[in-house]
Amino acid sequence: MSKVTHVLMVTVGFESKFQIKSLIELARWLDLFVAIVPRQREEKVDKALEEIGRFCREFIGREMTVVEADLANPHAAFQTVRKHLRALSPLELRLDLSGGMRALALIVLAAVMGTLSPYQWRLLVWTEDLNLRLDLTDLFHIRLLPSPTPLEQEILAKLGERSALSLQELVEELNRPKSTVHKALRRLEAVQMVAGERVGRKLLYRLGEKGKAWLSLRG
């Protein structure tokens, strides 16, 4: 089985503080650091890129891979990023779009969503003061998952009302055949919308992070 490469990918604009902060946070985790920059860029972008590269070499002990995207041709830019992602497979990606230009960030995000499965990447964004790193992954992942069936939606709603329920309790609550409810739970577990946890002799089901995100978006 091929080794999974841990990749931190960032977009670079006029500042270096966001990317350096992510490098510090993920230094022990990452195998590869990739910076995406516009092909046609201002001197301020090159200066930020130089600062990030120097920090990566001197303090993290890794070289920075630079990928240039042609923003004048969004389709070509999309394909450039996508080709690079495919070349790194198998990978686990942390995508930080805090410091890039809007067009660049959107193209990179589209390439990631169009290339990787929902379980291969997480989207991270720093607040301007660097005091808080927001993980926005589930807001995007939930759109990539198959829509829950009516029964699965009922199960998610029931688990949202109660902290945990067993299979038998769900069967009684929903008034459905046990085998039907069990199959629905298995499907929800497979996409991490529901998680099973054994408590004593009972197997209890709770909402997973994606199930919570689905309910929050629905309500």
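Among all the lysines, which ones have a C-alpha under 18 Å from Lys47's C-alpha, if same-chain residues fewer than 8 places away are not counted? Straight-distance partners of Lys47: Lys17, Lys21.
Placing R0 at 41 angstrom, the Cβ-Cβ distance between Glu161 and His6 gives a FRET efficiency of 0.60 after rounding to 0.05.
Dividing the summed helix terms, -39500 (n - 2.57) for each DSSP H run of n ≥ 4, by the number of residues in the chain produces a 222 nm estimate of -14500 deg cm²/dmol to the nearest 500. Using the Stokes-Einstein relation with a Kirkwood hydrodynamic radius computed over Cα pairs, the translational diffusion coefficient of the chain at 25 °C and a viscosity of 0.890 mPa s comes to 126 µm²/s.
Every number here is computed from the coordinates shown, using simple stated rules; none is lab data. It should be emphasised that the depicted structure is a prediction, and the values quoted were computed from it without experimental measurement. Here the Cβ is made from the backbone with ideal geometry for all residues, glycine too, and neighbour counts use every protein chain on show.
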